[in-house]
Amino acid sequence: MEPRINYFENAVAAKFLRHINSAGKVLSDSGLPAATQELVKIRASQINGCGFCTDMHTKDAAHAGETAQRLHLVAAWREAKVFTDAERAALELVEQGTRIADAAGGVPDETWENAAKHYDEDQLAALVSLIALINAYNRVNVIIQQPAGDYEPGMFG
């Protein structure tokens, strides 16, 4: 399987990636817990069918010490006992924020209020921004059919 375009070597794409990667660095340095960030990236990538990002973020999470049990249960987080209330609130927000088109009213107030119980304003800003960012990465990879499976933790810096 080959991607439709070599996005990593295209000049326009490389410029775009530099900018959104800079945004990603701001978020990784935020006060939002690293484990929560990876769970959010994994769940959005699962919903969007992005194999490349699902591969990357599950491997990065495992490399950072995340358990296999939690990684296997991200897609079924509602029925799993292994996530904290704060992580569950973040997973609900990422699902609602990723599936905006599925709900006429957007993200429900109840979902937002639950997240706000667990995260301060800066963490909420980081969480919202991370949801937007991972959805952008997912869309690029799905559109170009970027193959999954070859990612090694740390290979992009």
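The values are calculated or read from the model by the stated rules, or taken from the named source; none is laboratory data. What you are looking at is a predicted structure, and each value in this text was computed from that prediction instead of being measured. For neighbour counting, all protein chains shown are included, and Cβ atoms are generated from backbone atoms with ideal geometry for every residue, glycine included. All accessible areas refer to the heavy atoms of the entire protein, side chains included, with ligands and DNA or RNA removed. Shrake-Rupley method; radii C 1.70, N 1.55, O 1.52, S 1.80 Å.
For beta carbons closer than 6 Å, sequence separation of 6+ or different chains, a first residue in segment 46-61 that is on the phi < 0 side of the Ramachandran plot and a second that is of a type in the set (Lys, Arg), the qualifying pairs are HIS57/LYS41.
Just so you know, in segment 34-75 the residues that are outside any helix (DSSP H, G or I) and in contact with a helix residue (DSSP H, G or I) (Cβ under 8 Å, 6 or more places away or on another chain) include one that is surrounded by the most Cβ atoms within 10 Å (Cβ to Cβ), and it is CYS50. If you go through segment 87-146 and pick out every residue that is aromatic (Phe, Trp, Tyr) and open to solvent by less than 30 Å² (accessible area, probe 1.4 Å), you end up with 1. Number of residues in segment 65-89 that are touching a residue at least 40 places away in the same chain (Cβ under 8 Å) and more than 15 Å from the chain's Cα centre (by Cα) equals 2.
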